[in-house]
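Q: Just dropping this structure here.
The values are calculated or read from the model by the stated rules, or taken from the named source; none is laboratory data. Computed from a predicted model, the values in this text were never measured in an experiment. Note: ideal-geometry Cβ built from the backbone for every residue, glycine included; neighbour counts use all protein chains shown.
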Amino acid sequence: METAYQLGHLPWSHAEEEIAARAARPCLRDETVALTYDDFDRRVRAAAEQFTELGVGHGSVIALVLPNRVELLIAMLAAWRLGAAATPVNPALTASEADYQISDAGSVLALAEPSFTTSASATVLPVGDLRSEPVGDPTPPRATPDDLALLVYTSGSTGRPKGVMLDHANLDAMTAIMVESMAMDSSDHCLLFLPLFHVNAICVSFLSPLRVGAQMSMLSRFSPDGFYDAVANLRPTYFSAVPTIYSMLLATAREGVDFSSVRLGICGAAPASKELLEATQERFGFRIGEGYGLTECTCAATSNPYEGEIKAGTVGPALPRVRVEVMSPTGEILERGERGEVVISGPIVMRGYLNRPEATAETLRDGWLHTGDVGIFDEDGYLRIVDRIKDMIIRGGENLYPKEIENAISAFPGVMEVAVVGRPDAVYGEVPVAFIAGYPDADLDADALLEHCRTELARIKVPEIEIVDSIPKNPVGKLDKPRLRARFTN
């Protein structure tokens with residue numbers, strides 16, 4: 001028996017006796033089906049056989065236009081078995097947005113819900129028609145470490161989304177690093193609820209547990225009630241979430257839920273406040289480590305350790321076998337304590353952007369992935385993200401970093417989320433505006449918040465205050481600053 005995550009004799013293959021021992025072990029479940037490793041492997045082989053009949057081969061790309069469900073992961077590994085790549089598509093995209101990604105990726109097949117249609121040239125396979133049992137001889141695995149594995153599209157906040165090319169060597173390196181840094185083994189059980197069109201869910205919550213023979217339980221989407229039920233009934237050992245989800249959990253904490261099975265929570269995809277992480281850890285009792293990364297480095301480049309000191313307000317030191325530095329505009333590596341652009345090198349760095357040589361050359365320079373984030377290392381090598389370069393507000397010639405303002409506001413009692421953006425101003429060029437949402441029982445007062453900012457921040461950094469019911473999010477759960485900025489230009 002062959003486990004799905006060794007397809008193509010890739011470097012993460014396991015000894016035969018270990019493979020055989022996994023056969024009856026729980027592997028993967030969603031809200032309707034539970035699969036052992038043997039079940040999963042059989043369904044991957046069946047899907048690969050069907051894809052071959054539909055014209056998928058080595059070097060092809062298939063689009064996965066599905067919400068979180070086991071068929072998405074079956075299809076992904078079936079594509080890899082054939083030496084093909086997968087591009088996961090957010091099912092909430094508009095028809096034109098989905099058509100763009102499917103066409104830009106050169107997809108020959110799209111696995112989707114029965115109602116899905118596309119103007120792209122890809123053949124559409126309704127997910128209900130995906131074969132679950134092989135009918136012929138198994139196709140020999142064909143993928144190699146250098147083969148393209150994933151085309152993950154960026155959010156496109158600065159233009160049309162770009163396809164980030166990740167090969168099997170990237171995924172192998174990333175998952176090996178995660179297994180090591182998280183001390184993961186076959187006894188782990190991941191609860192997955194982040195969307196599978198993002199590398200966080202794919203790498204942290206699926207491929208890493210699969211690598212060590214652990215199990216994964218999947219929710220189609222996050223809800224506080226669904227999360228609490230899953231913790232109580234499934235007893236997961238870890239999960240990965242974004243700051244917004246931790247805020248929601250604090251706001252809806254259910255009494256009587258036993259969290260003793262959870263050994264760690266992972267926080268990533270967007271900056272989290274020190275106060276949020278400390279309050280969550282105190283309320284629920286499990287360890288939370290914030291990390292940092294981006295799609296272009298396969299997922300993560302730094303993380304607070306899961307054993308040892310966690311420094312809330314930082315994203316931790318560089319992960320094993322990854323080099324992270326802070327660089328000046330002239331390309332010099334800066335000393336600890338100095339502020340500059342975060343750059344990354346190592347086996348997790350992407351191959352490049354699909355059919356975007358200029359964008360690739362701009363991002364990958366002199367052996368470094370240029371992230372566009374501003375950071376600073378402390379004396380212990382823990383990285384603190386100051387802000388995005390493109391989010392920086394220039395007020396009267398002075399550079400303001402929204403995250404610094406957001407951190408100050410997050411410390412005010414009752415604040416659940418805050419996003420600071422620049423508003424065009426005829427005199428100063430830009431001025432900061434803070435959009436603030438409180439917890440359900442909080443009665444936030446704009447004057448009190450303004451006074452708090454005057455106490456904590458230099459006068460030039462004090463923002464205008466707008467209290468809102470909620471702050472818009474993008475599909476991955478990050479605060480949607482482009483949409484907030486659009487309020488001032490539309």
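This table checks each residue for (1) at positive phi; (2) exposed (fewer than 13 other Cβ atoms within 10 Å of the Cβ).
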site: Leu354; (1), (2): no, no
site: Trp368; (1), (2): no, no
site: Gly372; (1), (2): yes, no
site: Gly381; (1), (2): yes, no
site: Ile385; (1), (2): no, no
site: Asn399; (1), (2): no, yes
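Q: Filtering the range 332-351 down to residues that are touching a Phe, Trp or Tyr at 6+ places or on another chain (Cβ under 9 Å) and within 25 Å of Ala173 (Cβ to Cβ), which residue is surrounded by the fewest Cβ atoms within 10 Å (Cβ to Cβ)?
A: Here the answer is Ser345.
Q: Can you confirm whether Pro402 is within 21 Å of Lys274 (Cβ to Cβ) and at pLDDT 90 or above?
A: Working: within 21 Å of Lys274 (Cβ to Cβ): yes; at pLDDT 90 or above: no.
Against the criterion (within 21 Å of Lys274 (Cβ to Cβ) and at pLDDT 90 or above), Pro402 does not qualify.
Q: Going by the conditions given, is Val349 in contact with a Lys or Arg (Cβ under 9 Å, 6 or more places away or on another chain) and modelled with pLDDT of 95 or more? I'd like the intermediate steps shown before the answer.
A: Working: in contact with a Lys or Arg (Cβ under 9 Å, 6 or more places away or on another chain): no; modelled with pLDDT of 95 or more: yes.
No.
Q: A further question follows. Pairs under 7 Å by beta carbon, first residue part of a loop (DSSP other than H, G, I, E, B) in the range 184-202, partner surrounded by fewer than 22 Cβ atoms within 10 Å (Cβ to Cβ) and hydroxyl-bearing (Ser, Thr, Tyr), six or more apart or different chains?
A: As it stands, the answer is Asp188/Thr237, since those pairs meet every condition given.
Q: Do we have Gly477 as surrounded by 14 or more Cβ atoms within 10 Å (Cβ to Cβ) and in a loop (DSSP other than H, G, I, E, B) here? Full working, then the answer.
A: Details: surrounded by 14 or more Cβ atoms within 10 Å (Cβ to Cβ): yes; in a loop (DSSP other than H, G, I, E, B): yes.
Against the criterion (surrounded by 14 or more Cβ atoms within 10 Å (Cβ to Cβ) and in a loop (DSSP other than H, G, I, E, B)), Gly477 qualifies.
Q: Among Arg351, Arg323, Arg356, which is charged (D, E, K, R), under 29 Å from Pro145 (Cα atoms) and free of Cβ contacts under 8 Å to residues at least 24 places away in the same chain? Break it down stepwise before answering.
A: Details: Arg351 fails: free of Cβ contacts under 8 Å to residues at least 24 places away in the same chain; Arg356 fails: free of Cβ contacts under 8 Å to residues at least 24 places away in the same chain.
That would be Arg323, the only listed residue that is charged (D, E, K, R), under 29 Å from Pro145 (Cα atoms) and free of Cβ contacts under 8 Å to residues at least 24 places away in the same chain.
Q: Among the residues of the range 43-52, is there at least one that is surrounded by fewer than 19 Cβ atoms within 10 Å (Cβ to Cβ) and touching a Cys at 6+ places or on another chain (Cβ under 6 Å)?
A: Of the residues in the range 43-52, the ones surrounded by fewer than 19 Cβ atoms within 10 Å (Cβ to Cβ) are 52.
Pick out the ones that are also touching a Cys at 6+ places or on another chain (Cβ under 6 Å) and you get none.
Looking through the range 43-52, none of the residues is surrounded by fewer than 19 Cβ atoms within 10 Å (Cβ to Cβ) and touching a Cys at 6+ places or on another chain (Cβ under 6 Å).
Q: Within the bounds of the range 465-487, is there any residue that is in contact (Cβ under 8 Å) with a residue 60 or more places away in the chain and over 30 Å from Cys299 (Cβ atoms)?
A: Looking through the range 465-487, none of the residues is in contact (Cβ under 8 Å) with a residue 60 or more places away in the chain and over 30 Å from Cys299 (Cβ atoms).
Q: Please find, among Val152, Val124, Val164, the residue that is over 26 Å from Ala46 (Cα atoms), in a strand (DSSP E or B) and not hydroxyl-bearing (Ser, Thr, Tyr). Before you say what the answer is, go through the steps one by one.
A: Numbers: Val152 fails: over 26 Å from Ala46 (Cα atoms); Val124 fails: over 26 Å from Ala46 (Cα atoms).
None of the other options fit; the residue is Val164.
Q: With the structure loaded, tell me whether Arg221 is of a type in the set (Lys, Arg) and within 25 Å of Ala183 (Cβ to Cβ) or whether it fails that test. Before you say what the answer is, go through the steps one by one.
A: Details: of a type in the set (Lys, Arg): yes; within 25 Å of Ala183 (Cβ to Cβ): no.
Against the criterion (of a type in the set (Lys, Arg) and within 25 Å of Ala183 (Cβ to Cβ)), Arg221 does not qualify.
Q: Suppose we filter the range 413-472 for residues that are of a type in the set (Gly, Ala, Ser), outside any helix (DSSP H, G or I) and loosely packed, with under 14 Cβ neighbours inside 10 Å; how many remain?
A: Filtering the range 413-472 for residues of a type in the set (Gly, Ala, Ser) gives 414, 419, 422, 426, 429, 434, 437-438, 442, 446, 448, 458, 470.
When the remaining residues are screened for being outside any helix (DSSP H, G or I), the result is 414, 419, 422, 426, 429, 434, 437-438, 442, 458, 470.
Filter again for loosely packed, with under 14 Cβ neighbours inside 10 Å, leaving 426, 458, 470.
Of the residues in that region, 3 qualify.
Q: Checking Asp129 against (1) closer than 21 Å to Val199 by Cα; (2) modelled with pLDDT of 95 or more, which single condition isn't satisfied?
A: Among (1) closer than 21 Å to Val199 by Cα; (2) modelled with pLDDT of 95 or more, Asp129 violates only (1).
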